[in-house]
Structures are given as structure tokens and as C-alpha cells.
Amino acid sequence: MRGASSNIRRAVRVACRRRGSPQVLWRYFSDSGTDAPGHEDCDVVVVGGGPAGLALASALASKRTLRGSVKVTLVEGSDLSKIYNWDLPPDAFSNRVVSLTNATLDFLDEIGAWTHVDVERTCPIEEMQVWDGISDARMDFNAAALGISRRGGSNQMARLTETLNLQRGLLRRLREQPNVTLLDNTKVMNISEDDIPGGAWPMVQLSDGVTLRARLLVGADGINSPVRSYSKIDSYGWDYPTCAIVATLLHPPRTFRPNTCAYQRFLPTGPIAFLPLSPTASSLVWSTSPALAAVLTKTDPAVLTSMINAAFRLPEVSVRYLHGHLLDVPSLSPDDLRAEISFREQAHAIAPYSALASANVHPAEAGVGIPDEGAHGLPPLVADIQPGTVASFPLRFRHAEAYIGNRTALIGDAAHVIHPLAGQGLNLGLGDAAALARCIQTAVMHGGDIGSRTALVPYTRERYFENHKMMSAVDKLHKLYASTAPPLVWARSTGVEVLNELDTLKAGIIGAAGGRSSAHSVPGSPWEMVAGGVETLVSGTRVMGAVGTGLRSVAGGILQQLGRVASGPGKDQRE
Amino acid sequence: MARMAPGESQAWSWTARGWASRSFLPQPPPPISTVNDAEVSHFSRLSALWWDERGEFALLHKMNPHRIRFIREKVLEVLQAQPDAMSAAAPASSTHIPPSLESPRVLEGMDVLDVGCGGGILSESLARLGANTLAIDASAENIGIATRHAAADPGLTCSAASASATLSFRHVTAETLVQEPKRFDIVCSMEVVEHVDNPAAFLRSCAELVKPGGHLFLSTIARTPLSYLLTIMAAEKVFRLVEPGTHTFSKFVNPEELIGFFTKPLMPGARPWISRTYAHGLPTRIEAEVRGIVYLPWRGDWVLAPRETTPWSTQANYLFWVRKPIE
Ligand SMILES: Cc1cc2nc3c(=O)[nH]c(=O)nc-3n(C[C@H](O)[C@H](O)[C@H](O)COP(=O)(O)OP(=O)(O)OC[C@H]3O[C@@H](n4cnc5c(N)ncnc54)[C@H](O)[C@@H]3O)c2cc1C
């Protein structure tokens, strides 16, 4: 029988494991007294110490009404002390970067975690420039112009943060919260139902031999969620034929504006994004074919640097050529590549002083003097890549068919995995954590059993459709922009086809999709904002003239048909 | 009349964890029987399904948080208006600070009786809010199910032997229990009054079980064309949300009938619980309150109708609260 003595033994063991780590992050199991032999009873067991799991634990512990009444245990397979002790010099950045929406920031503030995030290492996004790789039709989201601001803060639409900085902040916050027991270096080996009559509660068997019986078992355990399997909840979706390359980019400071604009160009192979982190460092997220990703992650950093600069600047036809060329000659030298790009620039009549030129320009000199007219619409020239930061990961779409099971709930990547093009994945996960914590609080106030379906249904109701809307908008945008067919390019460039998706995305960015819209931050109606976006798109098309003039004069009837054609590919692939 | 089924004492033995010890059994038949045999056997058949939140009792499970919310609100309202008025709510020793709106354990230290507890849906919630809960039912099988379910929950202490006793179940009727000396701060009887044969006698027993200054909470269904349509036509006959035969329309009770019942002295010479009503027949809020509770199919949930919508929102399901005079 596991009694008080074994709890102490366990406490000692946990403490021993921590020797050498100066922080007392780790707590002992309290002796609840009601434990049946062979297991320890917990109110909430969270599996997974990723951002979603940590945020949920912290949110639960920060609710005054739950203090003392809800015992939370978080189980994580890896060593969290590594994240707790994570430290990088101020000018070096981790390659996993997330964009946190204002709604997410409000939530982190509310639970007392944001003060533990090193804000010096984060960067506001005040503007976003997004353009079509083929037509160059451009959308410009400007936080100040849209009147988006944080409560008492700057004009920012989001804040870029290293995932590790966020996770470390959450761990620091949890250290102040005695209601949570963190068990790291501990894997969930098996989950089964208890055999107590009238029970069927989840019994969570840990790698250290301990078994936890959970009133509510939360799966924050990522894409291959063991909690989801235990709950017999199917997850549907597909793997995109693309990978995302991430890297920390180094560049000279910008002279004519702060580095607070995010750039994203939609190439048919996938979007390439430049996300600012500091005046001289930014993060790359480049979705492209796995074959190219394999070459680019292994190649000379100078080659990758040139490829990135070209990918933001050269006409699509030449970008495509360069990709093919690199696949044919993976050992291409930086000089040969530069010569190739230079040749292409001449062929496209790109002047050496133009903002579109990169082959023969030294990045440090690009920003000197009067910047070229187009410089505002492009990220700074990348000079180098922080060593050891180039990596790639597969892109997937997954949505669990339900978020709750028998005494289980799913949050974060365990519930949904999304394409990173809108930077919404982690925000959705943290939105789940916020909603589930609220739902648990309401249930406790009403004397509910927090593992019961009745208690958990409001969580699904709040999140499922909201997440689904965002996920399909992002998926549709990805598929739409993957096309090179002129009617589609035209349709997306004039905003005909992307109207609804943009609406969803904007709502997400300004925080409405985070479950709480802060009315003070939104000027006018969403419709007005979308209309503004479309205007920019149309004028962009006119200026660039990349799409045949004939197409632009098609009558409205054809327009509708185009809409149908455009939504076709997305649907087909989904089936 | 609640009769002991053969083999009852055996089935009973595993419920003996509650403070309903064998000494109360077998019980003499209650002096006035308000329990309808046909109804008892009907629910006994169904009681295995009590805790299937998506099954037969789904509507009841969904209704529970809203009933609790009403109880919370009224108890807090009274505590905050008259902190020392509650009979024995506060331990005599401490200067009682009324629990705040955010406090989960608002019923801490109170003795609460749940009459007609069924599978224990409401009783468990009352216990979680801190109440010292006794839940009774006329069906032995229901008591069995409720006890078994609560025992599986490590958060609920079912043993009255320890001082922290929070939840116990007894197979006993209100009419029998009233002969014992114990009285309660709160007596709840949810969705019961429309199932008993002699509602007046039943209500009198419930009322007598309340301590002076204590609360009586009821929930039932009004006898209106709308409630016929919703609870009998739609829920039982058309959509089969609940088992046909669950309700008998003629037994439904109207709010004004409950108000009328408590406007008259319950015993000769006693002070009536409701001293006055307004022109539209509603009592003052410090004495009694009627609140509609409406199921919205498109939301798949109930809503506790705002106060202002009474009486039109009380055409079908409603909650009733009345407070016993302190005397
Ligand atoms: C390689 C990679 C790179 C990425 N880069 C980016 C990026 O640059 N930007 C971006 O926005 N997003 C990126 N993502 C996506 C992002 O990481 C996820 O959206 C986010 O981490 C999801 O958080 P989560 O807490 O839901 O799940 P996760 O972070 O996946 O956390 C799940 C946790 O559960 C634990 N776990 C799983 N099973 C068990 C078990 N049996 N026992 C104990 N513990 C268990 C795991 O150890 C893990 O810590 C990347 C994903 C990957 C895989």
C-alpha cells in the first residue's frame, strides 16, 4: 500500500533528482489521505509541459476560487530544468519563435506569467506586409492605422517571442504557484480506466512506477497525444507536401524605420516569412518542398542567405528557376549562386541600386543614404545566419473530432495542428488553455465534477468552432496561394476569393478569435477593415500590372464562377 | 407507499457507510404516504442510467449547474443582507464573514437535505459546495446508485463517522424523516413535487424539516399549455428526450399554487412564510422567489431566466425558493 511513507520516499527521490539545480521548482505530493492503495488521486492531471500544458497549469493555479480546491499535477517526459535554466546572450536567438496575439498577451498577463517573460528578447509587430508571389498584389496591415493597440501599450498587433522564453516564463510563474506539482523527466507509459464500481476514471501510469488517478485528464501532449488515443478520439487531417525551414537571420540595423515590420511573400511552393526579433536579428519561417528544405538546411549558410534574399525579391519565375537549379546542383557554391542571381537581376532589369537587388549589394550598405522607394516593402538584406539555428519541420493539418472524452480534455497541438502561415497555432493552444481554465472554474463554482461531461461541454462549445474557422481559413489560404493558374491569381489578388479568410485572420490578429475581443482596440467594423484590405489589393494589382489587363475587365458573372473554381482545389484535397 | 422489496436489507448493506445505519431499518410505513408506487418502480428501472450524461437524464445533468447557481445566489443574497440571520450557518465561535461571490464553498458548515435525490446529481454538487449533505430518496435502488457513485469519488466523504462528513444517503421519505429531531439550514426538493401523490402533505413535511430562518428550494413544472407541449408532447412523445411516462400533466404545480400554499399558515396559529404578495401575485424577494428555467434546444442548454422575465418565463420549468420565518 502506498501511504504517507511512500509519498515521502517519492518526495525525496524527486528532490534528489534535482540536486545541482539551484531552483526549488519541484514540489512534493501532498498526502491527500483519501488515496486508495496503489495510486494517488489528483483533480487535474495535465500530460505535456509544452506551452499549452504549462499555461493551463498556471491559469488554474492563478484562479483564486480554485486555490485549495483543485490539485493540479503536470507530467512531462523531458527535462524541464533545461528550459527553466535556458539562457542566451542578448544578441542570440532561438530558432523557434511564435507570434503572440494581443488576446494571448492579455491572458498571459492575467495569469501573472508575462512578467516572467524576458520582454527585452521580444519584439512588437507594428506592421505586416503580405504579398502575392506571382501578381505582387500587396496587403499592408498597419497597427497604428487600424487603431490596434494593447491595453495601455504600444501600437502592436502581435509580439514575437521565442517559444523557450515563453515556456521559461511560465515555469518561473509556476514556481510561485504551490497548487501545481510538476513531474518532469517522467513519461506517461499507459493510461487505463480504474475498476472502481461507478468510476471508470483514468489511471495514468508513469515511468517512475507511480500511478495517478485523475478526475480530469488533460492532453496537452502534442500531435501524437496519448491522451487522445486513450480517449478514442479520432483526429482527421493530412500532411502538407511542404516543410518549414526555420533559422535566426542576422542583418544590419535599418536606418529609415525600426525593425518592427513582419514580411511574408506567398510563393507557389509556400510562404516565406521574415519576423523581426531585434534591430539586427529576425526569424525565418519558410515553407517549401521537403526536397528543397533538405538541401537548404544542409547547404553553406552563405547559399541559404542568398536564397532567402532572392526569395523575397526576384520575380517568381526566377525564384522557381533557382530552386530547381539548387536541387540539380546541391553543392552549388555561394559565388556561383550569386552570379546566377546577378544574371537574373539583369534579365529582369533590376538596377543595382534597386531595393529588389541583392546579388551584388553588401547588406550593410543597402540601408545607407536615401533608401530606394521599394525598400519599405521588403525586409532588410540578410547578412548571415546565426550558427546552429537552421532546422526544418514537417507541416501538417490535424483536427481532433472532439475535444472532450470520458474525463479527458484536449488542448493545444493535441487537439489541432495548423499551418504556420498565419502564426496562429500557439495562440489557438493558449486560447484553449484559457477557455478550459475558465470552464473548470465555472464548474467548481457550481459544485460540478470537473471531469464530467456537463462541466466540460462549455469548453468545447467555446473553442471547437472558433478553432475550426481559423484552421480552415489558414488551410484555404495555403492552398489558394499554392496555385499559379491565372484566374486564381487574379481572384486572390483582387481579394474576391480571400475575403472571408482575411476576415477570420484579421479577427485572429486583433484578438477577436482569442475568445475575447477588446472592443477598445477595434476601430469601425471588421467589414471596413476588410474593405480597406481589398482596396489595397486592387490598387496593388493595378500598379504592378502583373496580371493580364483583359482579366481585370471580366464581368461580375464570371467572377462568381471563379469563386467556385477557386474554392475547388481546397475541397478536393480535403476529401 | 414505499415498501421494502425482498432482499432489500442485503442491497442495503453496502449503503451502510452512510449514517443511515441499519438501526433505522426496517422502517415502519410512513404515516401519510405521498409516494406513488408506480412512480417509484418506474425510476428504479431507470436509475442505472442516472449517471449517463448523454442518456435519459441528460436534461437533468444539464439543468444541475443552473439549479446550483440559483441556490448559490439566494443563499449569498440572504447572507449578505443579514449576515447573522442564518440559523446555524456560521459556526457559533467565529464571527461569520459572508462568503464572497467568488467563493466556491458557499454552503460550508450548513446542514442541507436533498429530498428525492435520485442518483445524487444535486446532492453531490451540494456537498462540493461545502454543505453537510443528507440525501434521501423513496427508492432503495436510487439510494444504491447514488451511494455507489459518490463512493467512487475521492473528493466526497461519504462516511459520517468522521467529523468531515459531507454526504450521506438514506432510503427514507420526508414524512418519516420529519419524525426525527434533526432540522436543516437548507432543504431542496428538485423535480419531485410533481411526482408525489399528496403534494400538500409532502410540502408540509419538507417545510417542517427547515430550521427557522432556513431555506426551502423546489423545482417543478407549471401546468400550462406550453409545459404540456414541451415536457409531454415534445420531450416524451416526439423527441424521446425522456422516457414516456416520466411526467403526469395533472400533477404539475403552478407557481401561484406554491405561493398560495406558503401564504397560508402551515400550522394553525403559525406565521405564514410569505406575508404579502404584490398585485401581480409575486412575493417580495426577501421572502420567496420564482425563477423560470428554460431549455434552449439550439444551445443544447438551459438558461436561468432573468428575474424580470417572471412570470412569463415560468410557464414550464421553474425554480422556487422560500425562506422560513425566524420567529
Ligand atoms: C520541430 C518543430 C518546430 C516548430 N517550430 C515552430 C516555430 O518555429 N514557430 C511556431 O509557431 N511553431 C512551431 N512549431 C509548432 C509549435 O511547436 C507547436 O504548435 C506548439 O509547441 C504546441 O504546443 P503544445 O503545448 O500544444 O504541444 P507541444 O509543444 O508539442 O508539447 C507536448 C509535450 O507533451 C510531452 N509529451 C508527449 N507525450 C508524452 C508522454 N507520453 N509523457 C510525458 N510527456 C509527453 C512532450 O514531451 C511535449 O513537451 C514547431 C513544431 C515542431 C515539432
**OP:** Looking only at the range A:153-160, decide whether some residue is open to solvent by 10 Å² or more (accessible area, probe 1.4 Å), part of a helix (DSSP H, G or I) and at pLDDT below 90.
**Re:** no
Original post:
In this structure, is residue A:351 in a loop (DSSP other than H, G, I, E, B) and without any contact (Cβ under 8 Å) to a residue 12 or more places away in the chain?
Top reply: yes
Original post:
Of A:448, A:388, which residue is more than 12 Å from the ligand (Cβ to nearest atom), part of a loop (DSSP other than H, G, I, E, B), open to solvent by 10 Å² or more (accessible area, probe 1.4 Å) and under 24 Å from residue B:106 (Cα atoms)?
Top reply: A:448
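Just to check your reading of the model, which residue among A:273, A:293 is under 21 Å from the mean Cα position of the chain (by Cα), within 16 Å of the ligand (Cβ to nearest atom), in contact (Cβ under 8 Å) with a residue 12 or more places away in the chain and assigned to a helix (DSSP H, G or I)?
Working: A:273 fails: assigned to a helix (DSSP H, G or I).
When all the criteria are applied, what remains is A:293.
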Original post:
residue B:111 versus (1) open to solvent by 20 Å² or more (accessible area, probe 1.4 Å); (2) among the charged types (D, E, K, R); (3) within 14 Å of chain A (Cβ to nearest Cβ): which is the lone unmet condition?
Top reply: (3)
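Suppose we keep only residues that are more than 16 Å from residue A:189 (Cβ to Cβ) and under 26 Å from the mean Cα position of the chain (by Cα) within the range A:206-220. Which one would you say is farthest from the ligand (Cβ to nearest atom)? Even if it seems obvious, please write down each step before you answer.
From the range A:206-220, those more than 16 Å from residue A:189 (Cβ to Cβ) are A:215-216, A:218, A:220; that's our starting set.
Restricting the remaining residues to those that are under 26 Å from the mean Cα position of the chain (by Cα) gives A:218, A:220.
Values: A:218: 11, A:220: 5 Å.
The extreme case among them is A:218.
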**OP:** Report the residue count in the range A:196-221 for those that are within 14 Å of another protein chain (Cβ to nearest Cβ), closer than 15 Å to residue A:40 by Cα and open to solvent by 30 Å² or more (accessible area, probe 1.4 Å).
**Re:** 2
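Output yes when any residue across the range A:264-283 is farther than 18 Å from residue A:417 by Cα and in contact with a Cys (Cβ under 6 Å, 6 or more places away or on another chain), and no when none is.
To start, the set of residues in the range A:264-283 that are farther than 18 Å from residue A:417 by Cα comprises A:264-269, A:272-283.
Applying the additional criterion that residues be in contact with a Cys (Cβ under 6 Å, 6 or more places away or on another chain) yields A:276-277.
Looking through the range A:264-283, at least one residue is farther than 18 Å from residue A:417 by Cα and in contact with a Cys (Cβ under 6 Å, 6 or more places away or on another chain).
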Subject >> Which numbered condition residue A:223 fails, given (1) out of contact with any Lys or Arg (no Cβ under 9 Å at 6 or more places or on another chain); (2) near the ligand (Cβ under 10 Å from one of its atoms) >> reply: (1)
**OP:** Select from the range A:399-431 the residues that are assigned to a helix (DSSP H, G or I) and either among the aliphatic types (A, V, I, L, M) or near the ligand (Cβ under 8 Å from one of its atoms) (or both) and list them in ascending order.
**Re:** A:412, A:413, A:414, A:420, A:421, A:422, A:425, A:426, A:428, A:429, A:430
Original post:
Does the range A:230-241 include one or more residues that are within 14 Å of the ligand (Cβ to nearest atom), open to solvent by 30 Å² or more (accessible area, probe 1.4 Å) and not in a strand (DSSP E or B)?
Top reply: yes
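The values are calculated or read from the model by the stated rules, or taken from the named source; none is laboratory data. Bear in mind the structure is a predicted one, so any value in this text is a computation, not a measurement. A quick note on method: Cβ atoms are made from the backbone with ideal geometry, for glycine too, and the neighbour counts reach across all protein chains shown. Heavy atoms of the whole protein, side chains included, go into the accessibility calculation; ligands, DNA and RNA do not. Shrake-Rupley method; radii C 1.70, N 1.55, O 1.52, S 1.80 Å.
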